[in-house]
Amino acid sequence: MFEKYYPHLVIATISATLLLIFIGGLVRASGAGLGCPDWPLCFGLLVPPTSAADLPTGFDPEAFNAMHTWTEFVNRLFGALVGLLSLLTAIFSISYFKKDKTVTFVSWLVLALVLFQAWLGGQVVLSALEQSMITLHMFLAMIIFGTLVFLGWQTLKHKYTFSISKEQQKKMLWITVPLVIVTAVQILLGSQVREALDAVDKTLDRSIWLDQVGLIDEIHRTFSWTILFLSGGLVWFVRKNNIFGHIRKLSHIALGLVLLQIIIGVVLAYGGLPRSFQVLHLGVSSMLLIPMFILVFVGFHRKQ
């Protein structure tokens, strides 16, 4: 029974993790990172108050912002949900031990990474949002997300047909592996740009904040062209070699999401950094990794 429902549990965990990334982006964009100044409690409580008058003694009422507090608290709740789903995924994976030990080992690895990520999130708060800690937090989130996608692939690949020769697999890896690496680097560069924005003089007009960031933003923009070139090259390779089915669909989805990210980036750069688009920018970048990861797994897959 556990084996039957395990893939659905993995998909639920991936979905919850993706939603958590969107919520994390909202926390960052809204400046709610210190909405709960302590950890693992929030203002010393399991459930935070809705007004400064209800704060426990020892906390400054002037530092209380109900919107920020509850935004961060919801973020923590979804983090707890991902932790619970990861625990269930690990337990259910035991049913795979005889059939596929990799699934069991990786499932427990995911649980360990999620627990470490929870601890690291607490350190981010306790360090008063120290920038290098935030970047490490984002990097680990990508690793967890990619590992979950691998579990989904490992347990569901038998349900799909990927018509591709061994020679085409090898050639496709020369595109997909660099594409994943460059995309991951781009996400981390985006985190660095966001860190630089935190240091910008907020008395300046919001529309010129990016102009104050400097070289890191120029590098971030340049990398977007590299990703567009590689994803476009992937679609060209698939079409040139007459590869159809799920591989073609995934390559088109990857290119479509890259183009969407570039559009969102343009809106951010020339539209005064709207917060809603900051959240979209982070969330879509994570969605973009899904088809890319799967295509890498297809490239390494050995047909039985």
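Taking neighbour counts of Cβ atoms within 10 Å as a proxy for exposure, in what order, fewest first, do W174, W108 appear?
Arranged by neighbour count, lowest to highest, W174, W108 become W174, W108.
Could you give the radius of gyration (one decimal) and Dmax (whole number) of the Cα atoms in segment 1-159, in Å?
17.7, 58
Please arrange W236, W209 by counting, for each residue, the other beta carbons lying within 10 Å of its beta carbon, fewest first.
The most exposed by this proxy come first: W236, W209.
Need one number: nm distance between label points at N242 and T50, each 7 Å from Cα along Cα→Cβ, rounded to one decimal.
Spacing of the two 7 Å Cα→Cβ label points: 6.5 nm.
Work out the P(r) tail for the chain: percent of alpha carbon pairs separated by more than 35 Å, whole number.
Roughly 26 percent, once rounded to a whole number.
Using +1 at the C-beta of Lys and Arg and -1 at the C-beta of Asp and Glu, which of A16, N75, I94 has the Cα lying farthest in the positive direction of the dipole of segment 1-159?
Towards the positive end, the residue furthest out is I94.
For the chain, what is the calculated [θ] at 222 nm in deg cm²/dmol (nearest 500), taking -39500 (n - 2.57) for each run of four or more DSSP H residues and dividing by its residue count?
-25500 deg cm²/dmol
For segment 162-304, count all C-alpha to C-alpha pairs, find those more than 19 Å apart, and express that count as a whole percent of the total.
Everything past 19 Å amounts to 53 percent.
Read-outs: derived from the displayed coordinates by stated rules, not from any lab. The shown structure was predicted, so the numbers you read here are calculated from the model rather than taken from an experiment. In this analysis, Cβ positions are derived from the backbone assuming ideal geometry, glycine residues included, and neighbour counts consider all displayed protein chains.
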